[in-house]
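Taking it in order: structure first as structure tokens, then the write-up.
The values are calculated or read from the model by the stated rules, or taken from the named source; none is laboratory data. It should be emphasised that the depicted structure is a prediction, and the values quoted were computed from it without experimental measurement. Cβ placement follows ideal geometry from the backbone for every residue including glycine, while neighbour counts extend to all protein chains displayed.
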Amino acid sequence: MSKYPKINYIGNKNKLTDWIVNNFPYKKGTVLDLFCGGCSVSYALKEKGYKVFSNDALYSNYVLAKSIIENNNVFLESKDFEIEVSKKETLNKYKEIKFLENRLYFPYEVEELANLVCKSEKLQDYKKYLFLSLIRRAMIRKIPYSRMNVPWNQIVKLRDEDYSYEKYKRRRAYHNLPFIDHINDNLSNYNNAVFNNGKENQAFNRDAFKMIEKLDENVDIIYMDPPYPATMNKYGDFYGLYDSIFKRKINYINFSENNKFLENLEKLIIKCLYKTKYIVISENNKTKPSIDEISSMLSKYGKVEIKEKKHQYKVTNKENKNETIEVLIILQVKENK
């Protein structure tokens with residue numbers, strides 16, 4: 001049976017996907033997940049039999065979408081990790097990604113990572129993307145707090161298992177395992193996530209505005225979970241160094257800027273009006289701008305409906321004591337757009 005894999009993605013909606021999808025105005029059809037992130041909503045949509053378009057500006061999220069949303073029937077085998085890579089190839093790649101040295105990992109770990117990246121480049125199509133997804137998972141798993149913007153001195157301190165035990169009563173030995181151990185541990189988990197829902201699902205790596213402009217067919221629903229102005233919204237900082245390894249950084253509109261979010265969102269909504277019948281936006285009662293502000297703006301373009309659910313987010317395995325209200329804002333677009 002297929003199952004969404006372990007991703008490690010801040011802001012992941014994995015525990016809310018059933019509620020989100022069950023509140024969609026259509027129970028079948030085509031959905032564009034415009035800011036797909038860790039792909040949990042896209043995955044739930046695929047499970048429910050929708051045709052899914054998953055888009056994200058970060059390459060690290062795109063490889064996930066290629067692996068478990070677009071991919072229907074390709075799996076990785078252990079022998080795919082045994083591809084021969086020359087010392088010269090590994091050395092050249094190591095020189096390219098040396099910027100990770102004493103920033104995220106120790107030098108010997110960057111060398112191992114270089115070898116794995118070289119192996120991934122010898123694979124084709126979905127095997128390649130599954131391998132890249134596993135590299136992504138391993139990279140994040142080895143970093144304390146699962147974020148690539150943690151200062152190096154903190155990484156070194158928290159990877160000291162004695163210090164970690166003394167301070168937090170946890171040794172966190174997994175931070176010190178080789179990349180390949182994490183990959184092997186997660187291989188079946190990622191293979192088990194692959195399934196065929198009978199639809200031609202697609203993954204895209206575009207800025208949200210570009211995605212709407214290039215969308216060559218109308219969809220029934222556009223779902224949005226953009227990075228709201230808040231503390232934990234720096235996805236480029238959290239995962240962007242992965243994109244740098246593969247030289248796949250693209251320019252995109254930064255929705256997390258406080259003074260421009262509502263303006264940018266409205267511009268995006270206007271572009272979407274001619275591509276869909278419904279726009280569904282995820283928010284919660286702690287994000288800014290407020291639910292009322294977004295709803296008021298949306299009401300200019302059709303009928304707005306609000307759905308709410310109490311929810312507690314988890315950060316670094318600790319429950320947030322302050323319960324939040326998760327919100328879906330559903331816009332039924334005016335027919336006379």
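Could you please let me know if Asn264 is polar (S, T, N, Q) and without any contact (Cβ under 8 Å) to a residue 24 or more places away in the chain? So Asn264 passes the test. Being surrounded by fewer than 17 Cβ atoms within 10 Å (Cβ to Cβ), within 17 Å of the chain's Cα centre (by Cα) and under 30 Å from Lys271 (Cβ atoms), is that true of even one residue in the range 186-200? No, the range 186-200 contains no residue that is surrounded by fewer than 17 Cβ atoms within 10 Å (Cβ to Cβ), within 17 Å of the chain's Cα centre (by Cα) and under 30 Å from Lys271 (Cβ atoms).
What number of residues in the range 105-149 are farther than 28 Å from Lys87 by Cβ, over 16 Å from the mean Cα position of the chain (by Cα) and buried (at least 17 other Cβ atoms within 10 Å of the Cβ)? Residues meeting the conditions: 1. Screening Tyr94 against (1) crowded, with 17+ Cβ neighbours inside 10 Å; (2) without any contact (Cβ under 8 Å) to a residue 24 or more places away in the chain; (3) within 18 Å of Ile183 (Cα to Cα) leaves a single unmet condition, (3). Considering only the range 205-214, I want to know if a residue exists there that is within 25 Å of Val52 (Cα to Cα), touching a Gly at 6+ places or on another chain (Cβ under 9 Å) and in a loop (DSSP other than H, G, I, E, B). For the range 205-214, residues within 25 Å of Val52 (Cα to Cα), touching a Gly at 6+ places or on another chain (Cβ under 9 Å) and in a loop (DSSP other than H, G, I, E, B): absent.
Among the residues of the range 292-308, those identified as buried (at least 17 other Cβ atoms within 10 Å of the Cβ) and either part of a helix (DSSP H, G or I) or charged (D, E, K, R) (or both) are Ile294, Ser295, Met297, Leu298, Tyr301. Meeting the requirement of 1 or more residues that are more than 30 Å from Glu70 (Cα to Cα), the helices (runs of 4 or more DSSP H) wholly within the range 85-185 are 87-96, 107-120, 152-159, 161-168.
I want to confirm something. Restricting to the range 153-163 and keeping residues that are out of contact with any Ser or Thr (no Cβ under 9 Å at 6 or more places or on another chain) and farther than 20 Å from Asn8 by Cα, which single residue is modelled with the lowest pLDDT? Only one residue fits best here, namely Tyr163. For the range 72-82, a tally of residues being in a loop (DSSP other than H, G, I, E, B) and either in contact (Cβ under 8 Å) with a residue 24 or more places away in the chain or under 18 Å from the mean Cα position of the chain (by Cα) (or both) returns 5.
Yes/no per residue for (1) touching a strand residue (DSSP E or B) at 6+ places or on another chain (Cβ under 7 Å); (2) surrounded by 17 or more Cβ atoms within 10 Å (Cβ to Cβ); (3) farther than 28 Å from Glu335 by Cα; (4) modelled with pLDDT of 95 or more:
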| residue | (1), (2), (3), (4) |
| --- | --- |
| Val219 | yes, yes, no, yes |
| Phe261 | no, yes, no, no |
| Glu266 | no, no, no, yes |
| Ile269 | yes, yes, no, yes |
| Lys275 | yes, yes, no, yes |
| Tyr278 | yes, yes, no, yes |
| Glu283 | yes, yes, no, no |
| Ser290 | no, no, no, no |
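Quick check, is Ser2 among the small types (Gly, Ala, Ser) and over 21 Å from the mean Cα position of the chain (by Cα)? Taking the combined requirement at face value, the residue does not satisfy it.
Among what's in the range 294-337 and is within 27 Å of Ile10 (Cα to Cα) and among the hydroxyl-bearing types (Ser, Thr, Tyr), pick the residue that is modelled with the highest pLDDT. Result: Ser295.
Every residue, every condition in (1) without any contact (Cβ under 8 Å) to a residue 60 or more places away in the chain; (2) farther than 24 Å from Ile329 by Cβ, yes or no:
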| position | (1), (2) |
| --- | --- |
| Arg170 | yes, yes |
| Ser188 | yes, yes |
| Ala208 | no, no |
| Tyr239 | no, yes |
| Tyr252 | no, no |
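All of His175, His182 fail the test of being farther than 30 Å from Lys51 by Cα and within 20 Å of the chain's Cα centre (by Cα), apart from His182.
For the range 216-231, does any single residue satisfy the condition of being touching a helix residue (DSSP H, G or I) at 6+ places or on another chain (Cβ under 9 Å), in a strand (DSSP E or B), touching a residue at least 60 places away in the same chain (Cβ under 8 Å) and not aliphatic (A, V, I, L, M)? Yes: the range 216-231 contains one or more residues that are touching a helix residue (DSSP H, G or I) at 6+ places or on another chain (Cβ under 9 Å), in a strand (DSSP E or B), touching a residue at least 60 places away in the same chain (Cβ under 8 Å) and not aliphatic (A, V, I, L, M). Taken over the range 221-255, the criterion of being under 16 Å from the mean Cα position of the chain (by Cα), small (Gly, Ala, Ser) and modelled with pLDDT under 90 is satisfied by Gly236 alone.
Counting the residues of the range 172-185 that are exposed (fewer than 15 other Cβ atoms within 10 Å of the Cβ) and among the charged types (D, E, K, R) gives 1.
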